[in-house]
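The values are calculated or read from the model by the stated rules, or taken from the named source; none is laboratory data. A quick note: this is a predicted structure, and the numbers were derived from the prediction, not measured. Methodologically, a virtual Cβ is constructed for each residue, glycine included, from the backbone with ideal geometry; neighbour enumeration extends over all protein chains shown. These area figures cover heavy atoms from the full protein model, side chains too; ligands, DNA and RNA do not enter into them. Shrake-Rupley method; radii C 1.70, N 1.55, O 1.52, S 1.80 Å.
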Amino acid sequence: MRMYDIIMKKRNGGELSDDEIRFFVDGYTRGEIPDYQVSALMMAVFFQKMSKAETHALTMAMAHSGEMLDLSAIRGVKVDKHSTGGVGDKTSLALTPMVAACGVPVAKMSGRGLGHTGGTIDKLESFPGFSTAISKDRFIAQVNDIGIAIMGQTAQLAPADKKLYALRDVTATVDDLSLIASSIMSKKLAAGADAIVLDVKTGSGAFMKKEEDALALAREMVDIGTAAGRRTVAVISDMDQPLGRAVGNALEVKEAIATLNGQGPEDFTELCLTLGSRMLLVGEKAESVESARERLKQVISDGSALKKLAEFVGAQGGDREAVYHPELLPAASVVRPVVACRSGYVQHIACDEIGICSLILGGGRETKESAIDLAVGLILEKKVGDHVEEGEPLAYLHANDEDKCAAAGERFLQAYTIGDEQPGRDERGIIKGVI
Ligand code: URA
């Protein structure tokens, strides 16, 4: 078999066999097939698409490209959660301690930022000393001990996805249904949880811009998980504007902490309650969505979810004091308002552009090797439907570099559409559906 023929077949719209998929996945993982050939194949997949059979084969080949974790040493139904990625998506930071405080063992594997979206590991590293590079034994022991652990994708876990994910990030081949579904599900299957709750984003800040595409992605992933014997649920949620108000690593950590203190933004709190109630249901810790929501609200109001976050941060080497004193988290040297050029209603926000503003400020990666600035980002003052007066701040940029701040400010203004009419509201709010 030759990689050249596989690229050519896909470029011409052919369907790859299981053997051909395994050939390129295994060859790339072993370093025998170079980045440039796999980049060409990814672009061919992007334009020609993959069938359901190809997507399933790609998922299994990537899941089996390394170790398949055995979590049977952890008591109870282990639940993992994954988001398809968005802007200001700090959900795992608040949700996982909430769910763990309700008794569901959270054994989660997280990733870093991708494209214009952030990643949980980068955010968690805002806690000085925090590390997700923990061994399998420590991961298992910690879940048994305190009910929650988050690890990064190790070199042994779905290594094919690890390489492909980084390559896709810099070759404009992220936003394809099959590539996203196989990337997420290969990691989730290899990470060994019994149940998986997926947060599939839709809108201008998501990889799936259209709701119908997000639904198709959700169905594909639920099918893959179910076929592999894992209880899999997907929630489709809005990403047509940033989630909450904070975008940027440490700023999002602060917003997640505020949410665990009962002072979170409404949309973000609702998303945590919806995903959390599904996690409690598949984790067999609640009988109904209603009772699960009540339980989750209780662990916020009695402080046990916040305490769980502190325990978790401390267990993974982070400064747990920062949970109670967020001023200990990284902070930017410059904070500047971006003001509205006219009065009116915010009609639309190009959400991915807001993610790019954070990237320009230094909060994301331009290349695989870039270092990121955890302190920078932005806090939105106005969201869709809000009224704004000319000269009023739309957001505050947090920066460590004046030039980057100016560039991000210009780009930010282009992302907002302000008009005379107040836009209509989608009565469904942030949750568009559950599968
Ligand atoms: N998240 C992933 O893990 N993989 C993708 O391809 C996109 C989002």
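Filter region 48-67 for residues that are of a type in the set (S, T, N, Q) and either touching a strand residue (DSSP E or B) at 6+ places or on another chain (Cβ under 7 Å) or outside any helix (DSSP H, G or I) (or both); which is surrounded by the fewest Cβ atoms within 10 Å (Cβ to Cβ)?
Result: 51.
Name every residue in region 107-142 that is under 14 Å from residue 153 (Cβ atoms), part of a helix (DSSP H, G or I) and among the basic types (Lys, Arg), in order of residue number.
Selection gives 136 alone.
May I ask you to list the residues in region 400-417 that are open to solvent by less than 30 Å² (accessible area, probe 1.4 Å) and assigned to a helix (DSSP H, G or I)?
Once the filter is applied, which keeps residues that are open to solvent by less than 30 Å² (accessible area, probe 1.4 Å) and assigned to a helix (DSSP H, G or I), region 400-417 yields 405, 408, 409, 412, 415.
Need a quick list: helices (runs of 4 or more DSSP H) entirely within region 177-261 having at least 2 residues that are within 11 Å of the ligand (Cβ to nearest atom).
The qualifying helices (runs of 4 or more DSSP H) are 177-190, 211-227.
Looking at residue 287 and the list (1) without any contact (Cβ under 8 Å) to a residue 60 or more places away in the chain; (2) within 27 Å of residue 225 (Cα to Cα); (3) open to solvent by 10 Å² or more (accessible area, probe 1.4 Å); (4) part of a helix (DSSP H, G or I), which single condition is not satisfied?
Unmet condition: (4).
Out of 299, 346, 334, I need the residue that is over 14 Å from residue 253 (Cα atoms), surrounded by fewer than 17 Cβ atoms within 10 Å (Cβ to Cβ) and β-branched (Val, Ile, Thr). Which one?
334
If a residue must be open to solvent by 10 Å² or more (accessible area, probe 1.4 Å) and not in a helix (DSSP H, G or I), how many such residues does region 262-283 contain?
4
So, in region 72-97, of the ones that are more than 16 Å from the ligand (Cβ to nearest atom) and of a type in the set (Gly, Ala, Ser), which residue ends up nearest to residue 256 (Cα to Cα)?
Here the residue is 94.
If a residue has to be in contact (Cβ under 8 Å) with a residue 40 or more places away in the chain and more than 25 Å from residue 357 (Cβ to Cβ) to count, how many in region 413-424 make the cut?
Within region 413-424, residues that are in contact (Cβ under 8 Å) with a residue 40 or more places away in the chain and more than 25 Å from residue 357 (Cβ to Cβ) number 2.
Checking the conditions here, which among 111, 13 is in contact with a helix residue (DSSP H, G or I) (Cβ under 9 Å, 6 or more places away or on another chain), open to solvent by less than 40 Å² (accessible area, probe 1.4 Å) and of a type outside the set (S, T, N, Q)?
Checking each option against the conditions leaves just 111.
Regarding residue 357, is this residue more than 30 Å from residue 170 (Cα to Cα) and open to solvent by less than 40 Å² (accessible area, probe 1.4 Å)?
no
Kindly establish whether residue 425 is modelled with pLDDT of 95 or more and among the basic types (Lys, Arg).
no
On the basis of being of a type in the set (A, V, I, L, M, F, W, C), at pLDDT below 95 and within 16 Å of the ligand (Cβ to nearest atom), does residue 69 make the cut?
So residue 69 fails the test.
For residues in region 375-399 being outside any strand (DSSP E or B) and open to solvent by less than 40 Å² (accessible area, probe 1.4 Å), which is farthest from residue 86 (Cα to Cα)?
Top of the filtered list is 385.
Report yes if residue 91 is within 11 Å of the chain's Cα centre (by Cα) and open to solvent by 10 Å² or more (accessible area, probe 1.4 Å), otherwise no.
Spelling it out, it is not the case that residue 91 is within 11 Å of the chain's Cα centre (by Cα) and open to solvent by 10 Å² or more (accessible area, probe 1.4 Å).
Among residues belonging to region 115-165 that are within 15 Å of the ligand (Cβ to nearest atom) and of a type in the set (Asp, Glu), point out the one that is farthest from residue 182 (Cα to Cα).
Filtering first and then ranking leaves 122.
Working carefully through the options 168, 112, find the one that is within 12 Å of the ligand (Cβ to nearest atom), in contact with a Leu (Cβ under 8 Å, 6 or more places away or on another chain) and basic (Lys, Arg).
168
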